[in-house]
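What follows is calculated from the coordinates using simple rules that are stated; it is not laboratory data. Note that the structure is a prediction, hence the values are computed from the model and not measured. Counting neighbours? That spans all protein chains shown, and the Cβs are built from the backbone with ideal geometry, glycine included.
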Amino acid sequence: MIDTLSLPDRKIFAGPRVRRLRGRLGLAQKRMAEELGVSASYLNLIERNQRPLTAPFLLKLTKTYDADLRELIAEDDEQVEKDVAQALASPALAGLDIGKTELQEFVAAQPGIAQALIRLHHIRDSDADSAPTRGKGRTPLNAVSEFIEGARNHFAELEELCEALAEELRLAGPHFLSSVSDRLRVKHGFTVRIMPAHVMPRHLRRFDIHNRQVQLSEVLDNASRSFQAAYQLAGFELKSSIEAIAARADMPSKPAERLLVQNLTNYAAAALMMPYRRFHDAAEETGYDIALLEARFGAGFEQVAHRLTTLQRPGTRGVPFFLIRLDRAGNISKRFSAGNQPFARAGGGCALWNVHRAFERHGQMLTQLVELEDGTRFLTLARTVTAYRQPFGQTAPEYAVALGCETRHAHSLTYAAGLDLDGAAMPIGLNCRACTRPDCRQRAVPPAHRQLLIDETQRGANAFDFSRE
């Protein structure tokens, strides 16, 4: 139920959001007005932003359509406004006088076009960083990342299907891997077989259609074996739904579409291991204690951390986390977010963020309060993970996984116990090119879109001096 005290003090004009909700539901304006108990003319005025959303109207809207209050009252508009402002800061648009009020009105009235502008900005920046992509449009990785980000890393259709299938697996037996293996054998005619490392030196999972086997490497731990078996089961039983989502996504190329199918199948595998409602309830109950969630669901640290970024079901939402995975060289191989988090697009490159120190403390959980230039504060967690075992003499892949959320959401986390969430925080940037802090002694390169200033008569603590505007 809506607590009117939790609503913003300002009047809420959210006509475009109400109109988009009606479009998603496939309702005519007259039909929605009847279901909400208002006149069609009043609803029309709301959708045209000529009337604000009242608390009783919001209550009726959320109860009738299980709508997300945060989407309707535009909690994320502030972040979208910042992203649009960054896109408009391009040198090519220099001289345009766009005030804050005009920017706010644009984001509120045209949220879809605002997101399109942000995407174009991200594509331009990623293309500037990667010469092979210049002039060729989006890469498959960019296209898939943008689609998942646009969905807030939550796919309601898959969640419902996976919950139903997971319940069948749970009733079939107490051990997840055994239940999945039995279902693959009985229903699909494939046997799960663990193979020696020397037989599968380059594969962790192999689908052997000739021998009717799902072959898993012995280097995988139990959680990874469960995940890979669940991936194959999802590929069998949820194939049509996954391919339908991929088709609607309208990927720019066949490789991008296949990559999206792979990502969605991974998503389904995790949802089978950690069914939404049971996992959400356990996360809330334990204060999002990752170690306890690992034990309860037979999952690994990275699997649990990744799953925490997907809890965006209306009515039973979790803390909106972001996740980044990187290696010792700082290469980012995973970015996921439950909302408009800047880390999920451009973060990870700041040497002051302690995710980079995680490699010095293998297996230890590091916590840190950080603050971006715009004043947004985050509680972040970082820990190393090893993807899988390796025979003696070979190098096992190692990564650092960072999980975080804004401090306004962090009070329910067990990791916040004893921390002053309003106290001192480490000032960081998303990366050097995006950061304009003038006195950072860790700066590697000057910020983009700022003029480099050269003065031969002095040498400051920062190797690069640049204009402040």
Quick one: net charge around Gly15, please, counting Lys, Arg +1 and Asp, Glu -1 for every other residue with C-beta under 9 Å from its C-beta. +3
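Please arrange Val319, Val445 by counting, for each residue, the other beta carbons lying within 10 Å of its beta carbon, fewest first.
Val445, Val319
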Whole-Hz ³J(HN,Hα) for each residue in segment 372-379, computed from phi via Karplus 6.51 cos²θ - 1.76 cosθ + 1.60 with θ = phi - 60°, x for glycine and proline: what do you get? 7, 4, 7, x, 5, 10, 9, 9
Summing Lys, Arg as +1 and Asp, Glu as -1, what charge do residues with Cβ under 14 Å from the Cβ of Ala382 carry, Ala382 excluded? +2
Using a Förster distance of 41 Å, the FRET efficiency for Leu45-Glu218 (Cβ separation, nearest 0.05): 0.05
Distance in nm between Glu373 and Leu419 label points, each 7 Å along Cα→Cβ, equals 2.4 nm
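Show me the ranking of peptides 366-376, 413-423 by mean Cβ neighbours inside 10 Å, starting with the highest. List each step's numbers first, then the result.
Values: 366-376: 16.2, 413-423: 13.0.
Going from most to least packed, we get 366-376, 413-423.
Please compute the Kirkwood hydrodynamic radius over segment 233-324, one decimal place, Å, based on all pairs of different Cα atoms.
Numbers: mean 1/r = 0.0703 Å⁻¹.
Its Kirkwood hydrodynamic radius stands at 14.2 Å.
Treat the count of other C-beta atoms within 10 Å as a stand-in for reagent exposure and order Asp182, Asp455, Asp281 from fewest to most.
Values: Asp182 15, Asp455 8, Asp281 12.
Fewest to most other Cβ atoms nearby, the residues stand as Asp455, Asp281, Asp182.
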Under the √(5λ) rule applied to the eigenvalues of the Cα gyration tensor, what semi-axes describe the equivalent ellipsoid of the chain? Give them in Å, descending. 37, 33, 22
Pairwise Lys count, the chain - Cα closer than 20 Å, eight or more residues apart or different chains: 8
When only C-alpha pairs under 8 Å and at least 6 residues apart count, what is the relative contact order of the chain, in percent? 11 percent
Inter-site label distance for Glu456 and Lys60 at 7 Å from Cα along Cβ, in nm: 7.5 nm
Per q in 0.16, 0.22, 0.23 1/Å, what log10 I(q)/I(0) does a Debye calculation on the alpha-carbon atoms of segment 156-273 return? -0.77, -1.26, -1.32
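Could you grab the relative contact order for segment 156-273? Cα pairs under 8 Å, six or more apart, rounded to a whole percent. Don't jump to the answer; show the numbers that get you there.
On the way: 122 pairs, mean separation 33.7, N = 118.
Dividing the mean separation by the residue count of segment 156-273 yields 29 percent.
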Taking the Cβ of Pro446 as the center, what net charge do the other residues with Cβ under 13 Å away carry, scoring Lys and Arg +1 and Asp and Glu -1? +4
Label-point separation (nm) for Leu120 and Ala282, each offset 7 Å from Cα along Cα-to-Cβ? 4.5 nm
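Which three semi-axes in whole Å describe the equivalent ellipsoid of segment 359-452, each the square root of 5 times a Cα gyration tensor eigenvalue, listed largest first? The partial results should precede the final answer.
Values: eigenvalues 164, 104, 19 Å².
Semi-axes from the Cα gyration tensor: 29, 23, 10 Å.
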Can you sort Glu47, Glu35 so the residue with the fewest Cβ neighbours within 10 Å comes first? Glu35, Glu47
In bins 10 Å wide, starting from 0, what share of all Cα pairs of segment 287-361 does each bin hold, as a percent? 18, 43, 34, 5, 0
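Can you give the extra length, in nm with one decimal, that the chain gains between Gln29 and Phe207 once fully stretched, where that is 0.36 nm per residue apart less the Cα-Cα distance? List each step's numbers first, then the result.
Working: separation 178, 0.36 × 178 = 64.08 nm, distance 5.00 nm.
Computed gain between Gln29 and Phe207 is 59.1 nm.
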Per-residue [θ]222 nm for the chain (sum of -39500 (n - 2.57) over DSSP H runs n ≥ 4, rounded to 500): -13000 deg cm²/dmol
Mean Cβ-within-10 Å packing, highest first, puts peptides 254-260, 353-359 in the order 353-359, 254-260
